[in-house]
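Here is the structure we will look at.
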Amino acid sequence: MIWPLLAMVWLVPLTVEDAAASYTISLDAAAQHRVTIEAVYPAPDSSSLELWMPVWTPGSYKIRDYSRHIEELQAFDATGEPLTIQRPGKNRWIVETRGRGDVTVRYRLYCKILSVRTNFIEAGSGFLNGAATFLLPRSQNGPFDITIELPPEMSQVVTCLTETAPARWRARNVDHLCDSPILLGNPEIRDFEVESVPHSLVNLGADDLWDTDACAEDVQKICEELVRFWGEIPYSSYRYLNVIAEGGGGLEHKDCALMLSGRWSWGDEDRRKGWYGLISHEQFHAWNGKRLRPEALGPFNYEQEVLTPDLWFVEGFTSYYDDLLIARAGLIDQKKYLEGLGKQIKDIQKTPGRLVLPLSRASTDAWIRYYQRDENSVNSQISYYTKGAMVAWLLDARIRTATDHQRTLDDGMRLAFQRYSGEKGYTHDQLRGVFEEVAGADLSDWFLRFIDGTDELEYEEALKTFGLRFEPEKEEEQKKPAKGWLGIEAGGSGGRWSVTRVRSGTPAYLAGLNPGDELIGLDQFRLNASTWEQIRRQYPPTSEATLLVSRRGALVSLKVLFGEEPRNRWKLQTHPEATEEQVERRVQWLGKAGAQAQEAQAEKSPEGAPEATDEASGQR
């Protein structure tokens, strides 16, 4: 489609001034999930203008090729005459300018991916991310001017870009542009101050399902706890951009966080506590990740993968502290916190990939592994979020033990921030050196085993430090007859029940069962999801059977040997014989508010209590 030249007349006059580019965003087609952007670039010195677009967003380590969402693109000279555009690369364009003044480029973006890394626009609301939105002039690092023309049904723009005039903002450079999501619509905003620094909770789409006032009070408590932890505030203001649209996940930025939340999360206590963790996690990144960062993560190369072996620290240690600081703020109690910690241990111990991929390699390989998981990922990799959090807990205990409980991991975090939160960042050797300095001990073997190697994590020191134990199996559970176990993970649709993944080491894996196999029968019995539990009661451990599957349309018989299902040995609880010193350490660790639950209450908690839901599962 060729837009008529009349369409070049905009309500807000475009002025280039000293900007490297000026963008005007029109939302007239928001109901169709599209925005139109007109960009004006000063006359280039040469006969051509090269434009480029980022292929990824910092904080989410995957090539996303945002240019695929551009539907139409045209260029014009200063007189309105069309210019020729060449496409030498997937995210590059060259405009033949013919030396005729400023260049105007108009393009349309499709914006309907509901994730914190992309763009989502609909009638009445939405958000844009800089990396996924703007065509940038090559060799120009700003500043950039942005004008936004809101339709009548939208009343407000919220962003960390610098407002220079009504409906106009400025980005200092490419990093500022890509680090400042733009929220559009009719949000509910609650402002508060922490140590005289302004903060704003911005709820978009809250309706009557979220109590924004109560929500802001709790967010302030979380913020105050983070500031107490770090001892300083590194930003001049901060915004929590909370889009309530039945999504999930969060993405950190220097002065804000963009989050997707479920409509029903506030009214559900467990989901609400999961949302607290999301808030804590993303704001913690304002210190750890955005300012205290590996050398590789800044200045950013937005056009290719940026590898670092330290995401176990950037994301994993942040994942350790997110719920811990929620507990210290008094928003979750000791019992709930230990439930979550035990669940993380269980997730690690049930993942065969923990014995295959070291944590440092899981960090480096995030681009090709973590964000591109498949049915075999459970066997070949480990989450640097989850295992990184557990390594943080164990390192916390190691430092406390090595210093006779005079120092903690908290001290190491603050020292690392003081030393390496400047422009350059840290090397992995410098980061590890900080923790050795705080511990007053050589930790090289410890790092080699648990970060650069695949040794099983050792929990005993942490359990002893904080007076905890793994819940022993109850006598009545021991007396129950064991059901046969193959380790099948399957799902059904259209009347079929098919294998979704096969964990290494299980009887199913040893028998040669494949992901995608349709389960047909066991011996003379028809198999399906509803009868499987009843059938395996008839096959105790060591039983042999013949499993019939359909594999790509061919019937295949497999000999299987039933095993015994592994018990969940990873439920954490306070130790009934913990010493006064251990209890005191636990209070110091969790904070008085987080450790206020009585020991007896924790012992009497009912079985089968629901686990907290993590709003940001796999996307933090």
In square nanometres and to one decimal, what's the mean projected area of the convex hull around the Cα atoms of region 408-534?
14.4
Just to confirm a number: summing +1 for Lys and Arg and -1 for Asp and Glu over residues other than Thr79 whose beta-carbon lies under 13 angstrom from that of Thr79, what do you get?
-1
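For the peptides 50-59, 491-500, what is the packing order when you average, over each peptide's residues, the other Cβ atoms within 10 Å and list the highest mean first?
Numbers: 50-59: 22.3, 491-500: 12.3.
Packing proxy ranking, top to bottom: 50-59, 491-500.
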Solvent-accessible area per residue for region 404-450 at a 1.4 Å probe radius, Å²?
51
Can you grab the distance from the C-alpha centre of region 459-504 to the C-alpha centre of region 187-205, Å, no decimals?
43
Can you check what the Kirkwood hydrodynamic radius comes to for region 374-431, Cα pairs only, in Å to one decimal?
13.6
With a 1.4 Å probe and all protein chains left in place, how much of the accessible area of region 361-495 comes from carbon and sulfur atoms, in whole percent?
43
Computed from every Cα-Cα pair in the chain, P(r) in 10 Å bins starting at 0 and rounded to whole percents is 3, 15, 22, 23, 18, 12, 5, 2, 0
How do the peptides 350-358, 527-535, 224-232 rank, highest first, by the average count of neighbouring beta carbon atoms within 10 Å per residue?
350-358, 224-232, 527-535
So what does His33 come to for accessible area, using a 1.4 Å probe and Å² rounded to 10?
40
Please provide three numbers in whole Å: the alpha-carbon extents of region 328-411 along the principal axes, with the largest listed first.
42, 27, 20
Given unit charges at Cβ for Lys, Arg (+) and Asp, Glu (-), the dipole magnitude of region 150-295 about its Cα centre in debye, nearest 20, is 580
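Quote the charge dipole size of the chain about the Cα centre in Debye, to the nearest 20; the model charges only the Cβ of Lys and Arg (+1) and of Asp and Glu (-1).
Working: 71 positive and 92 negative charges, 360 e Å.
Magnitude of the dipole: close to 1740 debye.
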Non-local residues with an amide H under 5 Å from the amide H of Thr97, with H modelled 1.01 Å from N and Pro and chain starts lacking one, are Ser48, Leu49
Would you compute, for the Cα atoms of region 516-587, the largest minus smallest coordinate along each principal axis and list the three values in descending order, in whole Å?
64, 25, 21
Measure out, as a whole number of angstrom, how far apart the alpha-carbon centroids of region 248-321 and region 398-418 sit.
23
Please name which of Gly505, Ala439, Ala490 has its Cα lying farthest along the dipole of region 439-533 towards the positive end, using unit charges on Cβ (Lys, Arg +1; Asp, Glu -1) and the Cα centre as origin.
Ala490
Once both axes come from the Cα atoms, what is the angle between helix 409-420 and the longest principal axis of the chain, in degrees from 0 to 90, rounded to 10?
30
State log₁₀ I(q)/I(0) for region 437-501 at q = 0.16, 0.20, 0.21, 0.24 Å⁻¹ as given by the Debye formula over alpha-carbon point scatterers of equal weight, solvent excluded.
-0.90, -0.97, -0.99, -1.07
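Order 420-428, 214-222 from most to least packed using the mean count of other Cβ atoms within 10 Å. Write down the numbers at each step before the final one.
Values: 420-428: 16.0, 214-222: 18.2.
The packing order, highest mean first, is 214-222, 420-428.
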Counting only protein heavy atoms and leaving out ligands, DNA and RNA, the solvent-accessible surface of Leu457 at a 1.4 Å probe, in Å² to the nearest 10, equals 20
Rounded accessible area of Ser557 (nearest 10 Å², 1.4 Å probe)
80
For region 433-496, which GluC sites (Glu not before Pro) are both in a DSSP coil and crowded by at most 16 other Cβ atoms within 10 Å?
Glu456, Glu458, Glu473
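As a check on your grasp of the helix formula, calculate [θ] at 222 nm for the chain: sum -39500 (n - 2.57) over DSSP H runs of n ≥ 4, divide by the residue count, round to the nearest 500.
My calculation for the chain gives -8000 deg cm²/dmol from helical runs alone.
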Calculate the radius of gyration of the Cα atoms of region 463-537 to one decimal place, then report Dmax, the largest Cα-Cα distance, as a whole number, both in Å.
16.9, 54
Coordinate range along principal axes, alpha carbons of region 213-257, Å, largest first
35, 24, 16
Below 8 Å, C-alpha to C-alpha, sequence gap of six or more: please give me the relative contact order for the chain in percent.
11
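The values are calculated or read from the model by the stated rules, or taken from the named source; none is laboratory data. The structure presented is a predicted model; accordingly, all values stated were derived computationally and were not measured. Backbone-built Cβ (ideal geometry, glycine too); neighbour counts: all protein chains shown. In case anyone asks, the SASA skips ligands and DNA or RNA and just uses the protein heavy atoms, side chains included. Shrake-Rupley method; radii C 1.70, N 1.55, O 1.52, S 1.80 Å.
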